[in-house]
Amino acid sequence: MKIPLRHLTYLLLLGVLTFILASSCSLNIKHSVTSSKQPTENCRKVEHEMGETCIPLNPQRIVTLWITILGNSLALDIKPFASTYISINEPFPPYLREQANGVEFAGDLNGPNLEKILLFKPDLILAHSRLQNIYQQLSYIAPTVIMKFPAPPPSWKQQFTELVNVLDRKEAGKRLMSEYYQRIEKLKEALGDRRHKLQVSVVGIYQDDKIVPYGESYPASTVIKDIGLQRPSGQRGDFYYTNSISEEQLSNIDADVLFFLAPRQKDANESNEFLKELQQKPLWRQLKVVQKNQVYFVDERNWGGFDILAMNAVIDDLFKYLVNTP
């Protein structure tokens, strides 16, 4: 029986990958050792979570294995060849879709497809520390840098700065941060003195349909803090989120304006069943922010993003709802 050439090529590549992965697992290699797949010249040494890697001076086929790394790369005018997606049915959050158009699928966020990554022939792989268990396998495919991503995660500004340093894009990084703060200043001017008194609440829904208030370390909260907007007492402090609250504690999230991070929907303004039921509850209707019609449902993928493009999408929402909405 004849085997199609295309099928034979795939089997050969699969065999090579299997051999590489098996070999890497059997070797006791220190993190500081340079992979045999890394270039020995025309490269720049970069220190990262797993040691030191010599990366190409001008990589052309970058694979990113985290949405934050993808977003910040795109912001720096570097379009990766491939990336992990949220899922194959939902490739990218709304704020990335246009810029990420054409980026190949390298598996979902928690399970990169090593076979595909091998076939992409990358010259640089950028991953986060949750994938350090497959660092050796990745580094045998291409020079690999593991970015810091502990729990709780570092601020979006720290993650952006780290990638700027890895990719040696300091001038572009300074420009982007300058543009961010210019937008912050414009929003301050548009809000005027009322920003010092305007109290903004930020909450979301946990997986089991529980309401969770977010603290000042939450990505979008850092934008709110940069503007100087006020927060309810339970949302002040250097923390990511608080314990979920019951319906009887809804008064804790009351404010002048409430941003409710809507679960993933095709339309960010479309409420899910839990929210529809919540909005019918008497305790919800008693909130002053509800009575003033100052509750805004925003996309959690934007407000919970950790890249600079996501934060600019948050600024867009703040202009839309705090300045341009009567």
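The values are calculated or read from the model by the stated rules, or taken from the named source; none is laboratory data. Given the structure is predicted, the values throughout are model-derived calculations rather than measurements. Counting neighbours? That spans all protein chains shown, and the Cβs are built from the backbone with ideal geometry, glycine included. With ligands, DNA and RNA removed, areas are computed over all heavy atoms of the protein, side chains included. Shrake-Rupley method; radii C 1.70, N 1.55, O 1.52, S 1.80 Å.
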**Message:** Expected output is a single nm value to one decimal: the length gained when fully extending between Ala151 and Glu104, i.e. 0.36 nm times separation in residues minus the C-alpha distance. What is it?
**Reply:** 14.1 nm
**Item:** Value of relative contact order over the stretch 174-326, rounded to a whole percent, pairs C-alpha under 8 Å and six or more apart
**Value:** 24
**Prompt:** Per residue, how many Å² of accessible area does the stretch 140-268 show with a 1.4 Å probe?
**Reply:** 48
**Message:** Report the per residue volume, in Å³, of the convex hull enclosing the C-alpha atoms of the stretch 46-158.
**Reply:** 109
**Message:** Modelling each spin label as a point 7 Å along the Cα-to-Cβ direction, I'd like the Arg61/Ser233 distance in nm, to one decimal.
**Reply:** 6.0
**Prompt:** Based on the Cα gyration tensor of the stretch 120-200, what are the three equivalent ellipsoid semi-axes, each the root of five times an eigenvalue, rounded to whole Å and given largest first?
**Reply:** 37, 16, 8
**Request:** Arrange the peptides 51-64, 100-113, 73-86 so that the one whose residues have, on average, the most other Cβ atoms within 10 Å appears first.
**Result:** 73-86, 51-64, 100-113
**Request:** Could you check how much of the accessible area of the stretch 214-326 is carbon and sulfur, as a whole percent, using a 1.4 Å probe?
**Result:** 44
**Complete:** Taking 145-155, 195-205 and ranking on average Cβ neighbours within 10 Å, highest first, one gets 195-205, 145-155
**Positive-pole candidate from Asn58, Ser155, Ala142, dipole of the stretch 51-182, charges at beta carbon** = Ser155
**Fill in**
Over 26 Å (Cα to Cα) among Lys45/Lys174; Lys148/Lys210; Lys79/Lys116; Lys79/Lys186; Lys121/Lys174 -> Lys148/Lys210; Lys79/Lys186; Lys121/Lys174
**Prompt:** Convex hull over the alpha-carbon atoms of the stretch 201-297: what's its volume per residue in Å³?
**Reply:** 100
